[in-house]
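Here is the structure we will look at, set down as structure tokens.
The values are calculated or read from the model by the stated rules, or taken from the named source; none is laboratory data. Every value quoted in this text rests on a predicted model; they were computed, and no experiment measured them. Glycine also receives a Cβ, built like all others from the backbone with ideal geometry; neighbour counts cover every protein chain displayed. Just so you know, the surface numbers come from the protein's heavy atoms only, side chains and all, with ligands and any DNA or RNA stripped out. Shrake-Rupley method; radii C 1.70, N 1.55, O 1.52, S 1.80 Å.
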Amino acid sequence: PIEPVRASKVAVEFRNVTHGFQRESRRIPILQQFHLRLMRGERLGILGHNGSGKSTFLKLLVGELTPDSGQVWRGKHIDIAYFDQHRSELN
């Protein structure tokens, strides 16, 4: 657990997160025992080839997906927003 004073400054934390998906008969790993802590005010750039898991990572970040194992902790009063690659949320 994060101590209360520090917790108020943590925006999001990935704790030992593993996530992947099944494609045909093989397992495709996206994250394996991944750790990340973002503090309020910090920024994160995500780069990668098509199909490398960028959108999956963002969906884990905002809570649209749950990890296979581990925990994604989001700070209180944190509002995370993004536009998906197909822009389906835009008019």
Output for region 9-85: GluC sites (Glu not before Pro) sitting in coil per DSSP, at most 14 other Cβ within 10 Å, listed by number, reads GLU24, GLU42, GLU64
Carbon/sulfur fraction of accessible area - region 9-75, other protein chains in place, 1.4 Å, %:
47
Long-range amide H partners of THR18 with built H, under 5 Å:
GLN33, PHE34, ASP68, SER69, GLY70
Per residue, how big is the convex hull of region 12-87 when only Cα atoms are used? Give it in Å³.
107
